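Beneath this line is the structure, given in structure tokens, with notes to follow.
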Amino acid sequence: MLNDRLFYCAPSRILAGNGVRRDLGPLLARLGYRHGLIVTDRFFTERSPIVAEIQAILGEQGIGTTVSAEGEPDPSVDLCVRVQREVTAGGDLDRIDHVIAIGGGSNIDLAKVLTLTLKFGGVPEDFIGEGKIPGKPLPLVAIPTTSGTGSEITAGAILIKRDSDTKVAVLANDLRPVVAVVDPELTLSCPPRVTGDAGLDALTHAVESYLTMDSDRFDRQGEADPAYSGRNHMTMLFAAESIRLCFRHLGTAYRDGADREARTGMAYASLYASLSYASAGLNAIHGLAYALAGLTHATHGSTNAVFLPYVMEALLPVRQRELAEIARMAGETGDDEAALARRAVVRTRELVAEVGIPTTLAGFGVTADDLPALVRNGLNVTRLTKAFPIQPAGEAYARIVDDAFTGRLSGGTSA
């Protein structure tokens with residue numbers, strides 16, 4: 001890593017550990033915040049005690065709260081506009097000096113956009129792209145209730161465009177939360193499907209950033225404050241620990257959600273993965289997953305997971321050493337690096353199947369006629385395509401999609 005060009009940005013404060021949510025009130029009081037907008041969804045206001053508990057913790061410190069429970073999966077531009085209008089009409093806007101997101105990555109992404117539109121006005125489209133925000137947004141506190149998305153660390157918010165299924169990103173380092181609260185106890189209520197989906201999202205973040213383009217080759221496009229800047233020695237350390245934790249704990253957390261050791265392991269796996277990918281960036285898996293989600297409306301974690309082993313397979317010629325290390329992180333032993341690298345691919349697909357996610361595109365209802373559009377739409381996510389370690393990427397993307405459809409891996413292995 002002699003040629004590292006390390007550029008690293010993360011939330012200014014991270015609280016992690018069982019019960020750390022109780023430390024939030026004194027911290028926010030110390031930082032001088034007086035009234036927060038809680039952005040969440042109706043599950044957490046009607047069927048969970050978490051929002052009421054956070055309100056009580058803050059209330060003990062004299063911090064008031066306003067609640068918006070309009071969150072939805074995969075927030076759209078229109079949802080952001082509607083919530084912005086409702087909060088503005090509610091009469092508390094002049095008092096709100098910070099925003100608190102409670103829930104999964106969708107609620108956190110919605111909250112990120114609101115930190116912009118509530119302060120600067122306008123509509124979300126005004127901020128789409130990298131570095132388009134005019135100044136510091138409202139401070140954001142992120143409290144994830146799943147272990148996977150990493151949005152509590154990242155510089156981006158992903159939205160669905162108006163009148164389409166296309167995903168777009170608002171990217172700026174100032175969108176990273178000022179406080180991230182990673183409390184594994186808040187994930188205990190996650191059902192198995194959400195646990196598996198989010199857990200494979202975390203594993204994808206870790207593996208993809210571990211294998212992505214090196215920092216000295218990454219095209220920052222002249223950006224002085226880049227959201228993503230390629231893998232470096234530090235991001236790979238975080239990614240490696242996340243991969244180990246995912247292989248050790250995801251299956252148990254999926255089967256037994258009450259297992260606190262597994263829940264804690266996955267909470268830290270998600271945190272470490274996000275501390276890696278939120279700087280290093282991602283590539284083909286996410287680009288193709290966005291295309292698949294547009295076609296099928298399947299969940300983000302599952303669309304990542306189905307491509308994960310096949311992208312690893314495609315990278316065997318240029319990332320054999322790293323893939324062999326992933327196999328060792330998963331518990332494999334041996335001295336044959338090529339065999340270990342192939343074993344990493346197989347072990348990953350086995351974990352995808354273990355948590356109930358299809359291991360082929362056919363399992364999502366995709367047909368052979370859909371494959372060219374998947375390749376084309378995946379390549380069109382240019383900010384991810386340019387970070388793929390094999391350039392030009394077109395031939396590799398086509399092979400990945402074809403293999404993911406048939407379930408074919410090297411050596412004749414099929415799903």
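The values are calculated or read from the model by the stated rules, or taken from the named source; none is laboratory data. The model shown is predicted, which means the values in this text are computed figures rather than measured ones. Please note: Cβ atoms are built from the backbone with ideal geometry, for glycine as well, and neighbour counts cover all protein chains shown. Areas reflect the complete protein model, heavy atoms only, side chains present, ligands, DNA and RNA absent. Shrake-Rupley method; radii C 1.70, N 1.55, O 1.52, S 1.80 Å.
Normalised by the empirical 2.2 N^0.38 Å for globular proteins, what value does the Cα Rg of the range 135-182 take?
Compactness ratio reported: 1.26.
Quantify, in whole percent, the carbon and sulfur part of the accessible surface of the range 87-159 (1.4 Å probe; protein heavy atoms only).
Within the range 87-159, the accessible surface is 52 percent carbon and sulfur.
Indicate, rounded to the nearest 5 percent, the antiparallel portion of the DSSP beta bridges found entirely in the chain.
Of the beta bridges lying entirely in the chain, close to 25 percent run antiparallel.
Which order do the peptides 49-57, 113-121, 298-306 take when ranked by the mean count of other beta-carbon atoms within 10 Å per residue, highest first?
298-306, 113-121, 49-57
Among LEU171, TYR268, PRO226, whose Cα sits farthest toward the positive end of the charge dipole of the chain (+1 at Cβ of Lys/Arg, -1 at Cβ of Asp/Glu, about the Cα centre)?
PRO226
Measuring from centroid to centroid over Cα atoms, what is the spacing of the range 49-106 and the range 260-338 in Å?
Rounded to whole Å, the Cα centres lie 32 Å apart.
Which order do peptides 390-398, 89-97 fall in by mean Cβ count within 10 Å, highest first?
390-398, 89-97
Run through all the Cα pairs of the range 1-125 and give the fraction in each 10 Å bin from 0, expressed as whole percent.
The percentages, shortest bin first, are 12, 40, 33, 11, 4, 0.
Based on DSSP H runs of at least 4 residues, each adding -39500 (n - 2.57), what is the mean residue ellipticity at 222 nm of the chain after dividing by all its residues, to the nearest 500 deg cm²/dmol?
Result for the chain, helices only: -15500 deg cm²/dmol.
Keeping all protein chains in place, calculate the accessible area per residue for the chain (probe 1.4 angstrom), answer in Å².
On a per-residue basis, the chain sits at 38 Å².
Strictly greater than 15 Å: what percent of every Cα pair in the range 294-388 meets that?
Every Cα pair in the range 294-388 considered, those over 15 Å come to 66 percent.
Please sort by residue number the chymotrypsin sites (Phe, Trp or Tyr not before Pro) in the range 26-118 whose DSSP state is loop and whose Cβ has at most 12 other Cβ atoms within 10 Å.
Listed in order of number, the matching sites amount to none.
Nothing charged except the Cβ atoms of Lys and Arg (+1) and of Asp and Glu (-1): what's the magnitude of the dipole of the range 42-195 about its Cα centre? Round to the nearest 20 debye.
Dipole magnitude for the range 42-195 comes out near 220 debye.
Inverting the mean 1/r over all pairs of different Cα atoms, compute the Kirkwood radius of the range 43-95 and quote it in Å.
One over the average 1/r among Cα pairs gives 12.7 Å for the range 43-95.
Rounded to a whole number, what is D in µm²/s for the range 364-415 from Stokes-Einstein with the Kirkwood radius over alpha-carbon pairs (10 °C, 1.306 mPa s)?
My calculation gives 134 µm²/s for D.
Taking loop as defined by DSSP and a crowding limit of 12 other beta carbons within 10 Å, which trypsin sites (Lys or Arg not before Pro) in the range 356-394 fit?
none
Need one number: convex hull volume per residue for the chain, Cα atoms only, in Å³.
Spelled out: Cα convex hull of the chain, divided by residues, is 130 Å³.
Can you send over the carbon and sulfur percentage of the accessible area for the range 211-320, probe radius 1.4 Å, protein chains only?
That share works out to 50 percent.
Determine the dipole magnitude for the chain: charges of +1 sit on the beta-carbon of Lys and Arg, -1 on that of Asp and Glu, nothing else is charged, the reference point is the Cα centre, and the result goes in debye to the nearest 20.
Magnitude of the dipole: close to 360 debye.
Hey, can you rank 255-261, 181-187, 150-156 by average C-beta count inside 10 Å, highest first?
Ranking the peptides 255-261, 181-187, 150-156 by packing returns 150-156, 181-187, 255-261.
Full-extension gain between LEU371 and ARG220, please, as 0.36 nm times their residue separation minus the C-alpha to C-alpha distance.
51.3 nm
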